[in-house]
1. So what is the 222 nm mean residue ellipticity for the chain from helices alone, if each DSSP H run of at least 4 adds -39500 (n - 2.57) and you divide by all residues, rounding to the nearest 500 deg cm²/dmol?
2. Please arrange 219, 79, 28 by how many other C-beta atoms lie within 10 Å of their C-beta, fewest to most.
3. Out of all Cα-Cα pairs in segment 79-179, roughly what percent, to the nearest whole number, are more than 24 Å apart?
4. In terms of the Cα gyration tensor, with a ≥ b ≥ c the square roots of its eigenvalues, is segment 1-89 rounded because a/c is under 1.5, prolate because a/b exceeds b/c, or oblate?
5. Which stretch or stretches of segment 118-144 have amide N atoms under 20 Å from the point lying 7 Å from residue 31's Cα along the Cα→Cβ direction?
6. How would you rank 71, 228, going from fewest to most other Cβ atoms within 10 Å of each one's own Cβ?
7. Treat the count of other C-beta atoms within 10 Å as a stand-in for reagent exposure and order 125, 203, 62 from fewest to most.
8. Divide, for the chain, the radius of gyration over alpha carbons by 2.2 N^0.38 Å, where N is the residue count.
Ligand code: 6PG
């Protein structure tokens, strides 16, 4: 496991988390471009990144990002068509990507509509081709956390958590939730930067377990610890309400 210490930044409210995250991602693009090459980012679904996506498509961020150097991937996807209300691609596309100058060749979505196995296999191949390496190294992976501690589509107590070889896996959930496709822990932990966003009191208990208690239940989000990269939790006061330390302020 990584020896890198996760950082936690507490902000006043979800809007402040969105603004701080937009600024942070902009800084990350600057650092990556300084090193030369593309900026690769894996996006997530869920309700939390909506605010961020809308901000990225608005001023001043829209005019500030080096969009022509960016390639967009996804950390996970549900097995639905790209125009489905539950599609993570649709979420990012509607709120963000369709409003900024990026070419279709810069968008690497997971083809969930092809079914979990075929979509996972195709996405794994696409990653290997793009990154030219068996284990892709994303400049930034954006993640959320569920109240049960899941992240991307890695759920507590599942065999996907022990995957060592594949970068992408199909996920069959034992209940009525959609089949999914997810990046695996080896690829998440290879990232240069992982940014978790979490807001609201419903996340307070799981953040207490992961951040304050050191993840005693080995929940998936707490297993994301980049081996040679950085890990930042950006959370609001409500999500931080069971953590020790000062409360956060509004980001402008
Ligand atoms: C998804 C995700 C998932 C999400 C968490 C948190 O597709 O739903 O990628 O891992 O990040 O479930 O979701 P909320 O932001 O809705 O709390």
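Rule-based calculations on the coordinates, nothing more; no lab input. This is a predicted model, so every value here is computed, not measured. Cβ coordinates were reconstructed from backbone atoms using ideal geometry, including for glycine residues, and neighbour counts include every protein chain displayed.
1. Numbers: 7 runs with 65 residues, N = 252.
Using -39500 (n - 2.57) per qualifying helix, the result is -7500 deg cm²/dmol.
2. Numbers: 219 22, 79 25, 28 18.
Result, fewest neighbours first: 28, 219, 79.
3. 25
4. On the way: a/c = 1.28, a/b = 1.19, b/c = 1.07.
Here segment 1-89 falls in the rounded category.
5. Answer for segment 118-144: 136-144.
6. Least to most surrounded, the residues fall as 228, 71.
7. 125, 62, 203
8. 0.94
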